[in-house]
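Below is one structure; the comments refer to it alone.
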Amino acid sequence: AQSVTQPDIHITVSEGASLELRCNYSYGATPYLFWYVQSPGQGLQLLLKYFSGDTLVQGIKGFEAEFKRSQSSFNLRKPSVHWSDAAEYFCAVGAGGTSYGKLTFGQGTILTVHP
Amino acid sequence: GAVVSQHPSRVICKSGTSVKIECRSLDFQATTMFWYRQFPKQSLMLMATSNEGSKATYEQGVEKDKFLINHASLTLSTLTVTSAHPEDSSFYICSAPSSGGATDTQYFGPGTRLTVL
């Protein structure tokens, strides 16, 4: 069975600082990997996704993530955080075949941004 | 991008009553939709897959008689929590893929906060 681990429950950074949110996954085949952001009162918004090809993926809002098969990781990064980035971030892995569309989510990382 | 709506956004009900939650894809058709629940400070857990024109498939441990799912059309899936109890209080979220491919993006609804008194 697939699983996702986000080791950091809560991260606090200063505005303008760089950010890295960690994600480790367990999956038997090539995974489909996603990062979503959830703001209060809003639905999950897709930041970026990885299916195949270039292991460095660019997303919206200046985010990027790098797929490292050897480390089973898909960490999310942003070079300079803005106060509006404060939210909860979820890493997810998706299956293909008959289970396509089903996502397994990590526990989430709450990001707090100090001015 | 594609939009998925949910109604109601928030519902409070008495123990023993049933509550229906709607999930609509507003600008695309979805033969499949997914229902998740999210407990406070926890992650989203997949409950079931809603299939248009056929029975829903439930994840292990999810009571199908408790959580009734109906996918009445290509744009609407409903989740009915029957005989709700306080332990059913949670945040229920639906999602739908934008088309039929395995690599499609899932679009999520804003969620429904259910509180059972």
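The values are calculated or read from the model by the stated rules, or taken from the named source; none is laboratory data. Just so you know, these numbers come straight off a predicted model, no measurement behind them. Here Cβ is always computed from backbone atoms with ideal geometry, including for glycine, and neighbour counts include all displayed protein chains.
Criterion applied to A:28, A:53 was being touching a residue at least 24 places away in the same chain (Cβ under 8 Å), over 24 Å from residue B:91 (Cα atoms) and out of contact with any Asp or Glu (no Cβ under 9 Å at 6 or more places or on another chain), and the one residue passing it is A:28.
Yes or no: residue A:93 more than 11 Å from chain B (Cβ to nearest Cβ), surrounded by fewer than 21 Cβ atoms within 10 Å (Cβ to Cβ) and in contact (Cβ under 8 Å) with a residue 60 or more places away in the chain? So residue A:93 does not fit the description; no.
So, residue B:55, is that one over 15 Å from the mean Cα position of the chain (by Cα), modelled with pLDDT under 95 and charged (D, E, K, R) or not? In short, no. Residue count for the stretch A:59-115 satisfying the condition of being of a type in the set (S, T, N, Q) and in a strand (DSSP E or B): 5.
Against the list (1) in a loop (DSSP other than H, G, I, E, B); (2) at pLDDT below 95, the condition residue B:33 fails is (1). For the stretch A:23-68, the candidate set comprises residues that are surrounded by fewer than 16 Cβ atoms within 10 Å (Cβ to Cβ), under 21 Å from residue A:107 (Cα atoms) and more than 14 Å from chain B (Cβ to nearest Cβ); within that set, the residue that is modelled with the highest pLDDT is A:68. May I ask you to verify whether residue B:115 is over 15 Å from the mean Cα position of the chain (by Cα) and assigned to a strand (DSSP E or B)? Against the criterion (over 15 Å from the mean Cα position of the chain (by Cα) and assigned to a strand (DSSP E or B)), residue B:115 qualifies. Does residue A:49 meet the test of being in a strand (DSSP E or B) and either more than 27 Å from residue B:4 (Cα to Cα) or of a type in the set (Lys, Arg) (or both)? Judged against the criteria, residue A:49 is a match. Checked against the criterion of being of a type in the set (D, E, K, R), at positive phi and exposed (fewer than 14 other Cβ atoms within 10 Å of the Cβ), the stretch B:27-50 has at least one qualifying residue.
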